[in-house]
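Scroll down for the structure; my scribbles are underneath it.
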Amino acid sequence: MKRRLIRDALAYGASDQEITVAGWVRTRRDSKAGLSFIELNDGSCQANLQILAPATLANYESEVIRLHPGASIKVKGRIQVSPAAGQAVELLAEELTVLGFCDPLQYPLGKSRISFERLREVAHLRARTNTFGAVTRVRNALAFATHRFFQERDFYYFNAPIITSSDCEGAGQMFQVTTLNLDKPPRNKETGAVDFSQDFFSRPTYLTVSGQLEAETHACALGNVYTFGPTFRAENSNTTRHLAEFWMIEPEMAFADLSDNADLAEDFLRSLLRQLLERCPDDLKFFDQRIEKGLLDTLTRLSTAEFTRITYTEAIELLEKAPVSFEFKPYWGADLQSEHERYLAEKLFHGPVIVMNYPKEIKAFYMRLNDDGKTVAAMDVLLPTVGEIIGGSQREDRLDVLEARIREIGMQPEDYWWYCDLRRFGSVPHAGFGLGFERMVRFCTGMGNIRDVIPFPRTPQNADF
Ligand code: 4AD
Ligand code: MG
């Protein structure tokens with residue numbers, strides 16, 4: 001079927017050329033003069049195309065007047081200037097084919113407004129709404145912008161494994177992958193423990209929490225790489241910013257330190273915003289009007305903003321002096337809570353903040369120990385409203401320091417033998433970070449809940465669809 005996208009039909013405007021469009025009916029109303037007005041959407045843009053279906057159509061009585069929201073149709077006709085207000089052009093139908101009727105009594109997306117909570121229960125249909133169509137297009141534009149940013153800077157796209165035997169973050173939040181019969185798993189005769197040597201991979205395996213450790217192997221061979229893939233965390237967080245399955249972008253650079261890393265993070269975020277503003281002006285306007293007032297201004301301002309850089313120690317001092325009462329009292333050694341991050345980005349600095357050099361105890365084992373012996377070369381990038389959007393670090397490149405740190409947290413360097421090899425054979429300073437893709441989509445759309453910026457959210461007690 002040769003069809004023209006509604007976006008293009010609207011952009012080309014009136015013409016004598018006959019075209020075909022296809023999509024889903026948003027509304028239909030009939031005039032007294034024996035004419036149906038159909039608002040048609042095909043997902044190519046926010047706007048609908050108004051279809052004028054005259055009573056002279058062969059199937060007018062038998063089919064056209066039975067069209068309800070959700071029905072799918074194909075229409076052949078010409079685009080003409082619309083005499084009525086509301087739209088510049090409309091399509092005068094010469095032939096209208098019904099592809100699929102839609103029963104208004106059963107279709108969950110009628111005309112009335114439906115809450116985002118309810119729409120999550122019909123996530124297989126919600127992409128047909130204005131909001132979720134726009135979210136999908138913004139998500140797509142940000143993914144494209146990500147590849148473009150890194151490709152233009154000579155980073156290689158690298159695919160980390162999804163199933164892994166190493167816990168990158170050491171936080172014990174991994175989903176186990178097994179084919180053992182859970183009713184009757186094989187057991188070690190002496191200890192009674194489950195015998196994973198009989199499992200599919202002959203050892204316990206998990207869904208990855210991060211592709212970083214594997215990305216480091218390729219950065220330490222090819223220079224600069226980036227991943228863009230799904231990651232999984234079995235953390236029992238029921239919040240508006242946590243998912244059990246989310247997508248992460250993880251660049252990793254050889255011959256780079258923490259400040260190079262922060263530079264890259266800043267450039268990346270600004271570039272994503274600039275590309276998005278250019279690619280999706282209509283969708284962003286929609287979010288600005290319907291979801292978060294002032295969103296367009298914020299995105300535009302941040303697309304050229306310098307980020308504030310402070311140390312963790314400075315951040316704690318500022319938080320201790322803050323004239324607000326936090327639920328969690330900040331003190332040196334404690335991790336920053338979402339309320340602290342938002343205070344820094346929203347109230348204090350009115351823009352993105354990069355916090356650097358955290359206490360080693362609250363960060364992962366692979367981060368480079370600073371000369372003070374207490375902090376590591378870590379960085380978190382904080383944004384207004386969403387808080388932490390990026391976590392990263394310079395990596396520990398000294399074998400002895402890394403091995404000592406692995407032992408310190410009760411793990412064995414042998415379990416990370418291949419990771420330690422990178423420090424054994426031609427070690428180089430290197431650094432990288434991870435950006436939570438859904439947190440970025442959420443920030444750019446103003447959507448209140450992260451579950452509404454991924455097609456099928458996975459959260460505790462929910463893996464529908
Ligand atoms: O700070 P995190 O845990 O860092 C890492 O995983 C590093 N290995 C990254 C690296 O250095 N290559 O996660 C990185 C980002 C966070 O800043 C956050 O944006 C996002 O991933 N994130 C989540 N997004 C949605 N749901 C969750 N449960 C998330 N956990 C982390
Ligand atoms: Mg983090």
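Read-outs throughout are calculated quantities, based only on the coordinates presented, and are distinct from any laboratory measurement. If you're wondering where the values come from, they're calculated on a predicted model, not measured in any experiment. Every residue, glycine as well, gets a Cβ built from its backbone with ideal geometry; the counts of neighbours run over all protein chains shown.
Some notes on this structure:
- At R0 = 22 Å, FRET efficiency that the Cβ-Cβ distance of residue 334 and residue 371 yields, to 0.05: 0.45
- Cα gyration tensor category, rounded, prolate or oblate, for region 117-246 with a/c compared to 1.5: oblate
- Gyration tensor verdict on region 299-366 (Cα atoms; rounded if a/c is under 1.5, prolate if a/b is larger than b/c, oblate otherwise): oblate
- Residues residue 193 and residue 31, FRET efficiency given R0 of 51 Å [Cβ-Cβ distance, rounded to 0.05]: 0.10
- The packing ranking, built from the mean of other Cβ atoms within 10 Å per residue, places the peptides 316-328, 143-155 in the order 143-155, 316-328, highest first.
- Net length available on complete extension from residue 200 to residue 259 is 17.0 nm, with 0.36 nm assigned per residue and the Cα-Cα distance removed.
- Ranking of 314, 252 by count of other Cβ atoms within 10 Å, fewest first: 314, 252
- Packing here is the average count of other Cβ atoms within 10 Å per residue, and on that basis the peptides 8-21, 368-381, highest first, run 368-381, 8-21.
- Whole-Hz couplings from phi, Karplus 6.51/-1.76/1.60, listed for region 87-93; x for Gly and Pro: 8, 6, 10, 8, 10, 8, 6
- By the count of neighbouring beta-carbon atoms within 10 Å, fewest first, 157, 331, 343, 206 end up ordered 331, 157, 206, 343.
- Relative contact order of region 278-423, taken over Cα pairs closer than 8 Å and 6 or more residues apart, is 17 percent.
- Cα lying deepest toward the dipole's positive end in the chain, options 239, 181, 97, charges on Cβ: 97
- The phi-based Karplus calculation (6.51 cos²θ - 1.76 cosθ + 1.60; θ = phi - 60°) puts the 3J(HN,Hα) values of region 185-191 at x, x, 10, 5, 4, 7, 8 Hz, whole numbers, x for Gly and Pro.
- Net length gained if the chain between residue 81 and residue 113 were fully extended (0.36 nm per residue, minus Cα distance): 8.5 nm
- Whole-Hz ³J(HN,Hα) from phi, Karplus 6.51 cos²θ - 1.76 cosθ + 1.60, for region 318-333, glycine and proline x: 5, 5, 5, 8, 4, x, 10, 9, 7, 5, 9, 6, x, 8, 4, x
- In the chain, helical runs assigned H by DSSP with n ≥ 4 each contribute -39500 (n - 2.57); averaged across all residues and rounded to the nearest 500, the mean residue ellipticity at 222 nm is -8500 deg cm²/dmol.
- Under 19 Å of direct C-alpha separation, and excluding same-chain neighbours fewer than eight residues apart, residue 76 reaches these aspartates and glutamates: 8, 16, 18, 39, 42, 61, 63, 90, 94, 95.
- Relative contact order of the chain, pairs being alpha-carbon contacts under 8 Å that are 6 or more residues apart, as %: 13 percent
- Peptides 221-229, 94-102 ordered by average Cβ neighbours within 10 Å, highest first: 221-229, 94-102
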